[in-house]
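A.B. asks: Let me give you the structure first, and then I'll get to my questions.
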Amino acid sequence: MAKCPKCGTMVSTPKKKWTMAGRPDKSGKRIQLEIGLFDCPKCHKPFREVLNKKKI
């Protein structure tokens, strides 16, 4: 579940998902991020949200 930043509506399923490597933390380990692209059904604005974080 993701919350629309414009109107606050909860959106359950992303339109698209992908993974990317984030910036390294202070110990040098990188974080793999799973990002979802959502479309708000109420205000029709697209927005992204991090779905999952994992150290690699």
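The values are calculated or read from the model by the stated rules, or taken from the named source; none is laboratory data. Values in this document were obtained by computation on a predicted structure and should not be read as measured data. For neighbour counting, all protein chains shown are included, and Cβ atoms are generated from backbone atoms with ideal geometry for every residue, glycine included.
A.B. asks: Do we have Ile35 as of a type outside the set (S, T, N, Q) and touching a residue at least 24 places away in the same chain (Cβ under 8 Å) here?
C.D. replies: no
A.B. asks: Filter the stretch 24-39 down to residues that are surrounded by 12 or more Cβ atoms within 10 Å (Cβ to Cβ) and acidic (Asp, Glu) and give me whichever is farthest from the chain's Cα centre (by Cα).
C.D. replies: Within the stretch 24-39, the match that is farthest from the chain's Cα centre (by Cα) is Asp39.
A.B. asks: Also: Looking only at the stretch 8-23, count every residue that is surrounded by 11 or more Cβ atoms within 10 Å (Cβ to Cβ) and part of a loop (DSSP other than H, G, I, E, B) and tell me the total.
C.D. replies: Count: 3.
A.B. asks: Within the stretch 24-39, which residues are at pLDDT 95 or above and either part of a loop (DSSP other than H, G, I, E, B) or of a type in the set (Phe, Trp, Tyr) (or both)?
C.D. replies: Phe38
A.B. asks: I'd like the residue in the stretch 40-56 that is on the phi < 0 side of the Ramachandran plot and assigned to a loop (DSSP other than H, G, I, E, B) and, out of all such residues, is surrounded by the fewest Cβ atoms within 10 Å (Cβ to Cβ).
C.D. replies: Result: Ile56.
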